[in-house]
């Protein structure tokens, strides 16, 4: 049985700092321990079980892809580049990653001969990243390993269960899109905090 992250054990009246261990979650002993309604406990349990299951699936997929010298993150990047060459800035935007993170990922793939860089036709200062023949071979070998894990897990669900799961995930995605469009708590509180600091 793999070791479980601390957040996997959430479910009752646990302290918030036990959720991730970050000091920003530390509160007074009274505020740290609070009473939750049954439906709140149920929601927390479902959310943490969902996160833990996906975490384990990602780890399982990565362990299978390692046989081909790849990872799920690399597979996603190769699959994107298999559609068409792209600038690193476009890749960073697509995956919502920092440019430095994407550059490091591209560097690693390029060193292994799976992608190459070439000047963009419309801007010689910009580089286009494209998948190589070796990259397509790696993608072709790795995708069946990914599909095998997906088939053994999601494929075990009935048609009705898959339809319900797909509808639920789409619904959650719409809610996340809405929440992401709102200013964060930190962003809204920052100006007031700065004003107080200079007051």
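For the subset of region 140-174 comprising residues that are in contact (Cβ under 8 Å) with a residue 60 or more places away in the chain and more than 20 Å from the chain's Cα centre (by Cα), which member is farthest from residue 85 (Cα to Cα)?
Checking each candidate, the answer is 148.
Among the helices (runs of 4 or more DSSP H) contained in region 1-79, which hold 3 or more residues that are modelled with pLDDT of 90 or more, outside the structural domain of residue 134 (by TED's automatic domain parsing) and over 18 Å from residue 150 (Cβ atoms)?
Output list reads 38-65.
Residue by residue through region 83-100, note down the ones that are part of a helix (DSSP H, G or I) and either surrounded by 17 or more Cβ atoms within 10 Å (Cβ to Cβ) or out of contact with any helix residue (DSSP H, G or I) (no Cβ under 6 Å at 6 or more places or on another chain) (or both).
Within region 83-100, 83, 88, 89, 90, 91, 92, 93, 94, 95, 100 qualify.
Return the residues of region 119-149 that are out of contact with any helix residue (DSSP H, G or I) (no Cβ under 8 Å at 6 or more places or on another chain), under 18 Å from residue 74 (Cβ atoms) and outside any loop (DSSP other than H, G, I, E, B); say none if nothing qualifies.
133, 134, 137, 140, 144, 147
Could you check how many residues of region 66-95 are under 16 Å from residue 135 (Cβ atoms) and free of Cβ contacts under 8 Å to residues at least 60 places away in the same chain?
Of the residues in that region, 14 qualify.
Looking only at residues in region 43-65 that are in contact (Cβ under 8 Å) with a residue 24 or more places away in the chain and closer than 14 Å to residue 142 by Cα, which one is surrounded by the fewest Cβ atoms within 10 Å (Cβ to Cβ)?
The qualifying residue surrounded by the fewest Cβ atoms within 10 Å (Cβ to Cβ) is 60.
Just checking, does region 108-118 include any residue being out of contact with any helix residue (DSSP H, G or I) (no Cβ under 9 Å at 6 or more places or on another chain) and outside any helix (DSSP H, G or I)?
yes
Given the criterion touching a strand residue (DSSP E or B) at 6+ places or on another chain (Cβ under 9 Å) and either at pLDDT below 90 or farther than 21 Å from residue 53 by Cα (or both), identify the matching residue among 140, 135.
135
The values are calculated or read from the model by the stated rules, or taken from the named source; none is laboratory data. Given the structure is predicted, the values throughout are model-derived calculations rather than measurements. A quick note on method: Cβ atoms are made from the backbone with ideal geometry, for glycine too, and the neighbour counts reach across all protein chains shown.
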